[in-house]
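The values are calculated or read from the model by the stated rules, or taken from the named source; none is laboratory data. Since we're looking at a predicted model, the values are computed, not measured. Neighbour counts run over all protein chains shown; Cβ positions are idealised from the backbone, glycine included. Remember, those area values only see protein heavy atoms, side chains included, never the ligands or the DNA or RNA. Shrake-Rupley method; radii C 1.70, N 1.55, O 1.52, S 1.80 Å.
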Amino acid sequence: MPQLRWRKSSFSEGGADTCLEIAADSAGTLHLRESAAPTAVIATSGPVLRTLLSSVKAGQFDGLAR
């Protein structure tokens with residue numbers, strides 16, 4: 001995997017390992033990882049990530065995070 005510049009949300013809890021990080025490579029592929037497990041990386045595209053974020057904002061997954 002190429003060297004990526006990871007970004008954390010401003011909603012992250014300081015230095016805690018409770019963050020989702022995102023980076024884009026030179027081809028435009030988006031990479032996501034959880035700060036608690038930085039070697040497990042998911043690659044996706046902008047349209048797929050936008051669909052996921054829209055679903056999260058709409059509350060479609062609220063029952064899963066308990």
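The one condition from (1) exposed (fewer than 11 other Cβ atoms within 10 Å of the Cβ); (2) at pLDDT 85 or above; (3) assigned to a loop (DSSP other than H, G, I, E, B) that Ser10 does not meet is (2). Only one of the numbered conditions (1) at positive phi; (2) surrounded by 11 or more Cβ atoms within 10 Å (Cβ to Cβ) is violated by Thr18, and that is (1).
Is it the case that Ala23 is without any contact (Cβ under 8 Å) to a residue 60 or more places away in the chain, in a strand (DSSP E or B), in contact with a His (Cβ under 7 Å, 6 or more places away or on another chain) and open to solvent by 50 Å² or more (accessible area, probe 1.4 Å)? No. Just give me the residues in the range 13-23 being at pLDDT 90 or above and more than 17 Å from Arg50 (Cα to Cα), in sequence order. Correct list: empty. In the range 34-56, of all residues being of a type outside the set (A, V, I, L, M, F, W, C) and in a helix (DSSP H, G or I), the one that is surrounded by the fewest Cβ atoms within 10 Å (Cβ to Cβ) corresponds to Pro47.
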